[in-house]
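The values are calculated or read from the model by the stated rules, or taken from the named source; none is laboratory data. From a predicted model like this one, the values you see are computed outputs, not experimental measurements. Here the Cβ is made from the backbone with ideal geometry for all residues, glycine too, and neighbour counts use every protein chain on show. All accessible areas refer to the heavy atoms of the entire protein, side chains included, with ligands and DNA or RNA removed. Shrake-Rupley method; radii C 1.70, N 1.55, O 1.52, S 1.80 Å.
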Amino acid sequence: MIVRRMVPSEGGWLSSYDDFDQMRRQIQGLVGEMEAAFSARPGAGIFPAVNVTQDEDNLYVRAELPGLKASELQVTALKNRLSLSGTRQILTEDESVSYHRRERAGGHFNRSIVLPMEFQGEKASADYVDGILTVTLPRTLEAKPKQIQVKTV
Amino acid sequence: MEKQLQRTEKQKVTSSAEQTRPGLVFTPAVDIFENDSTLTVLADLPGVKAKDLKIDLRENTLTLTASVYSFQGDKEVDVFREYESGTFFRQFTLAETIDQAKIDAELRDGVLRLRLPKTEAAKPRQIAVKAS
């Protein structure tokens, strides 16, 4: 009988029970990933979709907003709440043209996001580059991670 | 009352034939219109820089390919994620004869405006009917 080992084993021989155990963990991992992919869509479909990231100093909120002008965007911050609003104008071409496709949508939007921590709203900044809005929100001192020294007695 | 913008999911390309590179592929939303002299394509390509956009026209097939620049810093970790980014890809078959030398593309704030002028032969002509 040929036995093919799908999972490379480290540290010597595994019993057949260990193989099953490993497989069970892998399947659990996959199911977990799948569930995360389906449930990780908060925001209830309000335009625009945002991605929020953080590093040690700042929170970053990014949204895809192609074809706007910086002056058409309003960003307001209060405590741990951030609002993005504006109008996306799709200019109608002159009347002599005939349309083959019309997929780009225009209109007004207003989205308010509650962030998981407070930030220094007065130091916040917003950049609009290549159709992507990036709002940088400096974290408050209380919200910054602190390194705690471990002492030995 | 102004129209409220609705959020639409980005169109993911699922065809296996296009997966020559790893990563996600999206179909950009476009407006296509024409008048007597020009065919114009407007495409929403957020996060694309001019150098990363490829426009290719051969044998009446127009191909747009654009890779998205990563705005995220190295040390940033996700708090929550509502949209993904990846390559934009879309192909069109053009019926009109396009004057390839005069194609003009402009990318501004994530919107591409592609002007494809028609050749003289493809432009409609008014023929004056003479009365004898």
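Looking for whichever is at the interface with another protein chain (Cβ under 7 Å from one of its Cβ atoms), touching a strand residue (DSSP E or B) at 6+ places or on another chain (Cβ under 9 Å) and not in a loop (DSSP other than H, G, I, E, B) here; the options are A:Arg104, A:Arg62. Which one fits?
Working: A:Arg104 fails: not in a loop (DSSP other than H, G, I, E, B).
Going through A:Arg104, A:Arg62 in turn, just one is at the interface with another protein chain (Cβ under 7 Å from one of its Cβ atoms), touching a strand residue (DSSP E or B) at 6+ places or on another chain (Cβ under 9 Å) and not in a loop (DSSP other than H, G, I, E, B): A:Arg62.
Restricting to the range A:88-101, name every residue that is of a type outside the set (Val, Ile, Thr) and assigned to a loop (DSSP other than H, G, I, E, B).
Step one: of the range A:88-101, the residues of a type outside the set (Val, Ile, Thr) are A:88-89, A:91, A:93-96, A:98-101.
Correct list: A:Gln89, A:Leu91, A:Glu93, A:Asp94, A:Glu95, A:Ser96.
B:Arg108 - would you say it is touching a Ser or Thr at 6+ places or on another chain (Cβ under 9 Å) and basic (Lys, Arg)? Explain how you work it out, then say what you get.
On the way: touching a Ser or Thr at 6+ places or on another chain (Cβ under 9 Å): no; basic (Lys, Arg): yes.
Spelling it out, it is not the case that B:Arg108 is touching a Ser or Thr at 6+ places or on another chain (Cβ under 9 Å) and basic (Lys, Arg).
Give A:Ala36, A:Ala49 a once-over and let me know the one that is closer than 30 Å to A:Arg81 by Cβ, aliphatic (A, V, I, L, M) and modelled with pLDDT of 85 or more. Full working, then the answer.
Details: A:Ala36 fails: modelled with pLDDT of 85 or more.
Result: A:Ala49 is the single residue among A:Ala36, A:Ala49 that is closer than 30 Å to A:Arg81 by Cβ, aliphatic (A, V, I, L, M) and modelled with pLDDT of 85 or more.
Any idea which of (1) open to solvent by 70 Å² or more (accessible area, probe 1.4 Å); (2) outside any strand (DSSP E or B) is the one A:Asp18 doesn't satisfy?
Going through the list (1) open to solvent by 70 Å² or more (accessible area, probe 1.4 Å); (2) outside any strand (DSSP E or B), A:Asp18 breaks only (1).
Considering only residues that are in a strand (DSSP E or B), free of Cβ contacts under 8 Å to residues at least 40 places away in the same chain and facing another protein chain (nearest Cβ under 9 Å), which ones fall in the range B:27-71?
Selection gives B:Asp31, B:Phe33.
Mind listing just one residue for me: the one in the range A:115-153 that is more than 30 Å from B:Leu45 (Cβ to Cβ) and among the β-branched types (Val, Ile, Thr) and, of those, least open to solvent (accessible area, probe 1.4 Å)?
A:Thr140
Quick check on A:Gln26: is it at pLDDT 85 or above, open to solvent by 50 Å² or more (accessible area, probe 1.4 Å), farther than 22 Å from B:Ser85 by Cα and in a helix (DSSP H, G or I)? Step through it out loud before you land on a result.
On the way: at pLDDT 85 or above: yes; open to solvent by 50 Å² or more (accessible area, probe 1.4 Å): yes; farther than 22 Å from B:Ser85 by Cα: yes; in a helix (DSSP H, G or I): yes.
It is true that A:Gln26 is at pLDDT 85 or above, open to solvent by 50 Å² or more (accessible area, probe 1.4 Å), farther than 22 Å from B:Ser85 by Cα and in a helix (DSSP H, G or I).
Does the range B:85-93 include one or more residues that are in contact with a Ser or Thr (Cβ under 6 Å, 6 or more places away or on another chain), of a type in the set (A, V, I, L, M, F, W, C) and under 21 Å from A:Glu103 (Cα atoms)?
yes
Exactly one condition in (1) within 14 Å of chain A (Cβ to nearest Cβ); (2) over 21 Å from A:Leu133 (Cα atoms); (3) modelled with pLDDT of 90 or more is false for B:Phe89; which is it?
Every listed condition holds for B:Phe89 apart from (1).
If B:Thr65 meets every condition in (1) touching a strand residue (DSSP E or B) at 6+ places or on another chain (Cβ under 9 Å); (2) of a type in the set (S, T, N, Q); (3) modelled with pLDDT under 90 apart from one, which number is that one?
(3)
Mind listing just one residue for me: the one in the range B:84-107 that is over 12 Å from B:Leu64 (Cβ atoms) and touching an Asp or Glu at 6+ places or on another chain (Cβ under 9 Å) and, of those, least open to solvent (accessible area, probe 1.4 Å)?
Of the range B:84-107, the ones over 12 Å from B:Leu64 (Cβ atoms) are B:84-86, B:93-104, B:106.
Imposing the further condition that a residue be touching an Asp or Glu at 6+ places or on another chain (Cβ under 9 Å) reduces the set to B:85, B:96, B:99.
Working: B:Ser85: 57, B:Glu96: 59, B:Asp99: 39 Å².
Result: B:Asp99.
For the range A:81-106, name all the residues that are hydroxyl-bearing (Ser, Thr, Tyr) and surrounded by 13 or more Cβ atoms within 10 Å (Cβ to Cβ).
Initially, the range A:81-106 is screened for residues hydroxyl-bearing (Ser, Thr, Tyr), giving A:83, A:85, A:87, A:92, A:96, A:98-99.
Passing the criteria: A:Ser83, A:Ser85, A:Thr87.
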